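Novice: First the structure, then my questions, so here it is.
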Amino acid sequence: MVEIINIGDELLIGQVVNTNASWMAEQLSLSGFRVHQVTIVSDSREHILQAFTEAEKRVEIVLISGGIGPTKDDITKITLCEFFNTRLVFNQDAFDAVEKMFARRGYPVTELNRQQAELPAGCTGIPNPVGTARGMWFEKDRAPGEKTIFVSMPGVPFEMKAMMTDYVIPWLKKIFHTPFILHRTILTQGIGESFLAARIADWENGLPGNLKLAYLPQPGIVRLRLSGTGNEDQVRLQTGEAVAKLEQLIPDYIFGYDEDTLEEIVGKLLLQRNATLATAESCTGGYLAHLITGVPGSSAYFKGSVVAYANSIKESILGIDPENLKNFGAVSEQVVTQMALSAKNRFKADYVIATSGIAGPGGDTPEKPVGTTWIAIATPEKVFASHYLLGDSRDRNIRRTALQALNLLRKAIRQDK
C-alpha cells in the first residue's frame, strides 16, 4: 500500500489546488498500486516528522512531494536527514546536472542553486529530467524482513510527473509484484449522471464480479470508469465485451474513450472530410474557440470566430436583424440561427457553431431564467437550433454550453454523407 504526503502551507490555505495527489493516485492505480491515504502537511518540521512516523506504520511505500526547492521554506530535505539520522553531502552528479541546465538557459549558478546538489547521505538520488531539484529514494527497515520505501520529489507538478513516470514507478514495479489492473473510461455527453445510471442499471448489475464501475461526473460530461483485475487476457476480454454492450445501449451519448476530448474528435472528423469550421459566440465568450484552437493542427480546419457579446456587435458584424433582437431577444432560436448562417457566409466555412444564452448570475427574466441557452449548428446542407436549461452556475453554464455544442457538431458531421 502507498501513502501520498504533500507538503506546503499553500495547499492548506487553499492558495494552490492539490492536483499532485490526484495525478499520483491515478498513476499508481494504473500501475496496480493501492493508495491507502493522502496526507497534506504544513511547512513545519514537527508536522512533517509526525507524518513520516505515522505513514511508516501504515504502508510499505511513502511518496512525498514538495519542499525540496532552494528557498528557506523548503525544509523537506533537512527534515528527511533528521528522520533518517543522516546529513547532507555534496553530490557532484547532481551539481553537474544543475550546471548544464543553467548553462542551456544562459543563467549563472547561484549558491542557492548549488545547495540543490546536496543530498542526504545514504539516499539514492533520482534524476530530474526537467528541473534542478533531484528526488531522493530511502529504504528504512521497520521489522525483520520488512522495510518502508520513502521517495521525496519536487512539488512542481511537471517535475514530479516526469520523475514519477521515468523513474519512481518503474523502480517500484521492479520491487513489488502488483496485480494486473485495466481501466477503460467511457466518455458520455448529453445526459446527467442520475439519468445515465438509471439507463444502464441492468448492464451495470450484470458486470462480472471482477469489473467495477465508477461514475465520474464533471460539468457537461459524465465519465464511466470500468476497472478490472485478474488474469490479463480474461480481463481484457471481459472489458471489451462490456464496452461493446454499453455502446449498443447508449450509442447517442458515448463520444469517446479514455483521454479523448470532444474538440479533438471534432477536429479529426473535420480533417477526414476536408471540412472547415467557424464559431459565432455570445454566452461562451470565445471559450469554444479556445477549446478548438487548443488542439495542435487546428489551423487546418478552424477559420475563426466572432465573439458577438453585445447586441450592437451582433447587428454590425453578424448582420442580425434588429427586429429579431427586439421581438425575440438575443437568447432565442431566431437570433442564434441567424448568427450561425451569417458566420457561415462571412467565414466561408462548411460548419458553424453559434451560441447565445444567459450564463448568469444576472440578466434573467421569468421567461428566460439563468441557464437558458440556444445553440445552432450550420452544416453544408442545413441549420438547426437546440434549446437547453443548464443551471445557475456561470462557469458551469459556459463549459456545458461549449461541450454540448461540440457534441451536436460531432453528431451532425457523422450524419452528413
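Computed from the coordinates by the stated procedures, all read-outs in this text should not be read as laboratory data. Just so you know, these numbers come straight off a predicted model, no measurement behind them. Virtual Cβ from ideal backbone geometry, glycine too; neighbours counted across all protein chains shown.
Novice: With viscosity set to 1.306 mPa s and temperature to 10 °C, compute the Stokes-Einstein D of region 176-318, Rh being the Kirkwood radius across alpha carbon pairs; µm²/s, no decimals.
Specialist: 89 µm²/s
Novice: If you fit an axis through the alpha-carbon atoms of helix 262-272 and take the longest principal axis of the Cα set of the chain, what angle between them do you get, 0 to 90°, nearest 10?
Specialist: 60 degrees
Novice: Need one number: % antiparallel among DSSP beta bridges in region 262-415, to the nearest 5.
Specialist: For region 262-415, the DSSP antiparallel bridge percentage is about 55.
Novice: While we're on this one: Report the FRET efficiency, 1/(1 + (r/R0)^6), for Ser31 and Thr53, where r is their Cβ-Cβ distance and R0 is 30 Å, rounded to 0.05.
Specialist: Computed FRET efficiency for Ser31 and Thr53: 0.70.
Novice: Also, quick follow-up: Any of Lys161/Lys245; Lys72/Lys140; Lys77/Lys173; Lys72/Lys174 with alpha carbons more than 29 Å apart? Name them for me.
Specialist: Where the Cα-Cα span goes over 29 Å, the pairs concerned are Lys161/Lys245; Lys72/Lys174.
Novice: Mind listing the Cα extents of region 2-175 along all three principal axes, in Å, largest one first?
Specialist: Rounded to whole Å, the extents work out to 44, 37, 32 Å.
Novice: Can you tell me the alpha carbon radius of gyration of region 181-257 divided by the globular rule-of-thumb value 2.2 N^0.38 Å?
Specialist: Taking the Cα Rg and dividing by 2.2 N^0.38 Å, one obtains 1.04.
Novice: Check the straight Cα-Cα distances from Lys100 and name the aspartates and glutamates below 18 Å, setting aside those fewer than 8 residues away within the same chain.
Specialist: Filter leaves Glu111, Glu118, Glu159.
Novice: Can you tell me what share of the DSSP beta bridges in the chain is antiparallel? A percent to the nearest 5 is fine. Could the numbers behind the result be given before it?
Specialist: On the way: 45 of 71 bridges.
The antiparallel fraction comes to roughly 65 percent.
Novice: Peptides 203-213, 367-377, 177-187: what's the order by average Cβ count within 10 Å, highest mean first?
Specialist: 367-377, 177-187, 203-213
Novice: Using the alpha-carbon atoms, what tilt in degrees (0 to 90, nearest 10) does helix 232-249 show relative to the longest principal axis of the chain?
Specialist: Long axis of 232-249 versus the principal axis of the chain: about 20 degrees.
Novice: Most fluctuating residue of Lys77, Lys100, Lys173 in a GNM of the chain with Cα springs under 10 Å: which is it?
Specialist: Sorting by GNM fluctuation, first place goes to Lys100.
Novice: First select every other residue whose beta carbon is under 15 angstrom from the beta carbon of Ala402; then total the charges, Lys and Arg +1, Asp and Glu -1.
Specialist: Cβ neighbours under 15 Å give a net charge of +1.
Novice: Provide the percentage of antiparallel DSSP beta bridges, counting only those with both residues in region 2-175; round to the nearest 5.
Specialist: Antiparallel bridges: around 45 percent, rounded to the nearest 5.
Novice: What is the spread of the Cα atoms of region 61-114 along each of their three principal axes, largest first, in whole Å?
Specialist: Answer, in whole Å and largest first: 36, 23, 20 Å.
Novice: Within a 10 angstrom radius of the beta carbon, how do Cys81, Cys283 rank from fewest other beta carbons to most?
Specialist: Cys81, Cys283
Novice: For the chain, just the Cα atoms, rotate onto the principal axes and tell me the three extents in Å, largest first.
Specialist: Computed over the chain, the largest-to-smallest principal extents equal 80, 57, 43 Å.
Novice: May I ask you to sort Val59, Val109, Val352 by Cβ crowding, counting other Cβ atoms within 10 Å and putting the fewest first?
Specialist: Fewest-to-most Cβ neighbours within 10 Å comes out as Val109, Val59, Val352.
Novice: Between Met1 and Lys411, what FRET efficiency follows from the Cβ-Cβ distance if R0 is 30 Å, with the result rounded to 0.05?
Specialist: It comes out at approximately 0.10.
Novice: How much net charge surrounds Arg142 when only other residues with a Cβ under 14 Å from its Cβ are counted (Lys, Arg +1; Asp, Glu -1)?
Specialist: The answer is -3.
Novice: Okay, moving on. Before anything else, pin down the relative contact order of the chain: Cα pairs under 8 Å, at least 6 apart, normalised by residue count, whole percent.
Specialist: 10 percent
Novice: So, in region 300-417, how many Lys pairs have Cα atoms under 23 Å apart, if the pair is 8 or more places apart or on different chains?
Specialist: 20
Novice: Another one. Just want to confirm a number: the relative contact order over region 262-415, from Cα pairs under 8 angstrom separated by 6+ residues, in percent.
Specialist: 25 percent
Novice: Now a separate question. How long are the semi-axes of the ellipsoid equivalent to region 262-415, from square roots of 5 times the Cα gyration tensor eigenvalues, in whole Å, largest first? Display every interim value, and only then the final one.
Specialist: Working: eigenvalues 116, 58, 33 Å².
Semi-axes (√(5λ), whole Å): 24, 17, 13.
Novice: What list do you get for Trp23, Trp137 if you sort them by fewest beta carbons within 10 Å? Could you put the intermediate results ahead of the total?
Specialist: Numbers: Trp23 15, Trp137 18.
So the ranking, lowest neighbour count to highest, is Trp23, Trp137.
Novice: Working from the pairwise distances between different alpha carbons, so that the mean of 1/r is found and then inverted, what is region 108-266's Kirkwood radius in Å?
Specialist: 19.5 Å
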